[in-house]
Every structure is written in C-alpha cells, then in structure tokens.
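Coordinate-derived values only; no laboratory data. For clarity, every value in this text was computed on a predicted model and none was experimentally measured. Glycine gets a Cβ as well: all are built from the backbone with ideal geometry, and neighbour counts include every protein chain shown.
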Amino acid sequence: MSSMSRELRYWKNRRLPEAVHVIKTSSGREKVQVRVLINGRRHKKDFGAPDSRAIDLAIAWIQKVKENKRLGRVGLEIEPERWTVAQACEVYWQLHGSQRKRKDGSVNKKACNQFRRNLDYIKAMWGNRPLESISYLDIKAYRERRLKDGVKDSTINREHTVITSLFNRLRYWKRIEQPPVPRNLLLPEDNPGELVEKKSEDEFIRSRILTDEEFKTLYMVADTQIKRIIIAEMNAPLRKEDLKQLTKDKIVRHLKEFKGIQNKTGQDYYIPINGPLDELIRTAPGNEILNFSGFEKRWRRAVARAGHKSLEFRDLRRSAATAMHEGGIKLKVISKMLGHASVSTTERYLGLRAENLHEAGRVLGARFGVPETEKSPFQLAPKLAPGRSENGTIAVKKRTDN
C-alpha cells in the first residue's frame with residue numbers, strides 16, 4: 001500500500017486537516033484514512049472512498065478523540081511528519097529561493113542561481129538525512145568540510161546563513177500552516193545553525209586603498225580605454241557589473257544624476273554627475289559610456305606597469321568610498337551612493353574600527369573645547385579663607401538666639 005504525496009494538503013480544493021490522508025490501495029483505488037497516536041500507539045482508521053462525506057466523518061472522528069483526550073479518557077497525538085533534508089531544501093527553494101526579485105519586480109537571476117548552488121551543497125552533505133537529526137555538530141562538520149575543499153570563510157558564512165534561515169523559515173511556515181509544510185513536521189528542538197558561531201566578518205574586509213600617488217601612476221600608464229574606466233569608477237563607485245551597464249539612458253536629467261538598480265543586490269543606486277563624469281558622457285560616441293572589451297587583459301597590463309601587484313579593480317570602489325568618508329561625507333549618504341542595503345554594510349565595507357572613533361573624538365575636542373578667551377572650568381577651585389565667601393566678601397555669621 002503506497003500513500004500519496006504527504007506534501008499535498010488539499011483534495012479537490014479542500015484543505016485536509018492534520019492526520020487525514022488520502023491514500024491509494026494496492027488495487028489502485030483511493031480511500032480516506034486517519035493516522036494518529038493514541039496513548040503512544042499508532043492507530044489507523046479508514047472511512048471509504050474520498051468524498052466530502054468521508055472527509056467529514058474523518059474530521060468528526062478526530063474531534064471525538066480530541067474531546068475524549070480533553071476529558072482524560074484517552075491521550076491523542078498526531079503522528080509526526082518526517083522529511084529528509086533534500087525534501088526540506090526543495091520546499092525552501094520553492095517558497096523562498098526562486099522568489100528572489102529586484103525592487104522593480106524582475107527576477108534576480110544571479111541571486112537565484114547562487115541560492116540554488118548553496119542548497120545543492122547542503123543536499124550533497126545531508127540529502128538523505130532526517131531533517132530532525134541535524135545538530136550543531138553537523139554544522140561544525142559542514143564548515144570544516146567546506147574549508148578543506150578550499151572554500152573561503154566568507155563563502156562558508158553565507159552558506160551557514162542559508163542553513164540557519166532554512167530551519168527558521170520551516171518553523172515559521174509550520175506555525176502558519178503554509179502549504180506544503182505540515183503542522184506536524186518534525187524539526188530539531190533548537191536551530192542548529194544558531195548554535196554554531198560564524199567566522200568574524202572583520203577578517204574578510206580588504207584593506208587595500210589606492211593612494212593619490214598610486215592613482216596618478218595607474219592613470220598615466222593605462223591606455224585610453226582603461227583611463228576612462230578608472231575615472232568612471234573613482235567618480236561613480238559601482239561594482240564592475242553595474243559600471244558596464246552605465247549608459248546615457250540611465251541619466252535623470254533634471255536631477256543631474258545616474259539612477260539604476262544593482263545587479264547583485266537589487267538595491268537602487270544614485271550617482272551624482274560631477275565634472276569628470278560629465279566629460280565622460282560628452283565624449284562617449286553612443287549610448288554606452290564605457291568600453292569594456294578586453295578589459296581583464298588591459299587592466300592587468302596597467303596594474304603591472306604601475307607596479308601595484310596587490311591592486312584589484314574592486315579596490316577602486318573602496319578607495320572612492322574611503323575618500324568620501326575622509327572628506328566628511330555622512331555614512332548614510334555614502335551608503336545610498338554605493339547602493340548598500342544598510343549603513344552597517346557600509347561600516348564593514350570601509351573597515352571602520354577603533355582608530356576611526358578616536359579620530360572622531362579628536363575632531364570633537366578640537367571644535368568644542370573651551371574657548372581661548374574663557375577661563376578653564378577644569379582648574380581646581382582655590383580654597384576659601386575662613387570667614388570669606390566665593391566672591392571675596394566677608395561672610396557674616398547669622399546670630400542665633402538660644
């Protein structure tokens with residue numbers, strides 16, 4: 001006797017309650033069956049061919065058993081539903097991963113593909129394991145295994161986040177009875193992903209910043225095509241994929257700025273058109289402002305000629321952001337320009353640490369110290385002579401009558 005898919009919670013547009021199943025017999029016929037645990041023992045009860053009456057009878061029988069339990073006559077438990085990790089991953093993909101969209105409503109294919117790859121790694125590790133058997137020890141083993149495969153800690157952290165989110169989402173969908181997640185789905189008691197600490201994000205921040213002298217050297221040795229790209233990146237600090245799509249039709253004329261949506265995150269970005277960008281637009285022959293043909297080879301040649309062996313193209317974006325920050329531009333403005341989802345992302349991106357806080361303290365001290373013309377309030381007040389007040393007058397002791 002093989003049952004139909006338990007993920008199907010409806011029969012002819014009617015939602016089946018927990019413990020009610022429509023199964024197929026060995027002869028191919030269908031029937032309504034209730035499966036419950038009563039006093040720790042499994043019980044099955046058949047109610048005939050599936051129709052509205054049979055389902056109503058099954059529900060009425062369950063309600064009667066529940067009433068008996070309330071009165072202390074019997075202990076009723078719904079038989080738990082067990083999934084494998086592979087089943088859970090597919091439902092997670094169906095309800096969440098495949099729905100990743102940009103702000104304009106279009107599907108973010110890059111984000112969806114990355115999500116699918118993360119789920120494939122999880123399935124390859126635990127695909128046939130029961131979902132409820134995953135513990136924090138398995139999460140630790142997963143991190144160690146991926147590290148041995150040569151995967152960076154930052155990438156493992158992202159996969160770790162997907163695992164944690166998987167269990168949190170399933171718990172939420174189970175509570176709200178989101179099809180096809182059953183209410184009696186068996187899950188670990190605690191989220192195993194939350195019980196294992198991730199690698200500190202501070203270790204992943206690249207600290208390479210292009211100095212003014214390095215910028216001049218790089219610009220002088222680059223060919224004309226790369227020079228235009230360098231100027232564009234330092235004045236419109238976008239990711240390379242977004243910089244490639246910088247076109248004249250993205251210009252908002254009355255605001256004199258570029259407006260677009262990032263490929264990676266789907267977040268909006270706003271780039272003001274300053275003098276260098278205005279010149280790039282004016283000298284572009286067509287709609288495309290920059291030419292990226294043969295970029296990798298041209299870029300590597302320019303970096304080698306300049307002698308900047310450790311420099312990567314993404315370091316230009318961070319250098320521009322750091323220059324804005326050092327110039328006194330507010331983090332919120334920098335975050336909006338870079339297209340970050342939050343200011344906290346910008347803080348990590350710039351690598352703000354204790355020295356930045358100390359510098360902020362020095363700025364406040366220099367600006368809001370005691371004015372030179374005023375007496376310092378930090379000097380110790382002189383001791384008053386006996387019988388004198390603070391203004392130097394003689395203090396008169398009041399006479400009291402006994």
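Which of 238, 95 has the fewest other C-beta atoms within 10 Å, and how do the rest follow up to the most? Numbers along the way, then the final one.
Working: 238 23, 95 16.
So the residues, fewest neighbours to most, are 95, 238.
Ranked by Cβ crowding within 10 angstrom, fewest neighbours first, how are 289, 55 ordered? Before the final figure, lay out each step's value.
On the way: 289 25, 55 19.
Result, fewest neighbours first: 55, 289.
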Ranking of 83, 93 by count of other Cβ atoms within 10 Å, fewest first: 93, 83
Unsatisfied cross-links (Cα-Cα over 25 Å) in the set 45/66; 123/336; 110/250; 227/330; 227/256: 123/336; 227/330
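Above 20 Å lies some portion of the pair distances; for segment 85-204, what is it as a whole percent of all C-alpha pairs?
Details: 3156 of 7140 pairs.
I get 44 percent for the Cα pairs in segment 85-204 exceeding 20 Å.
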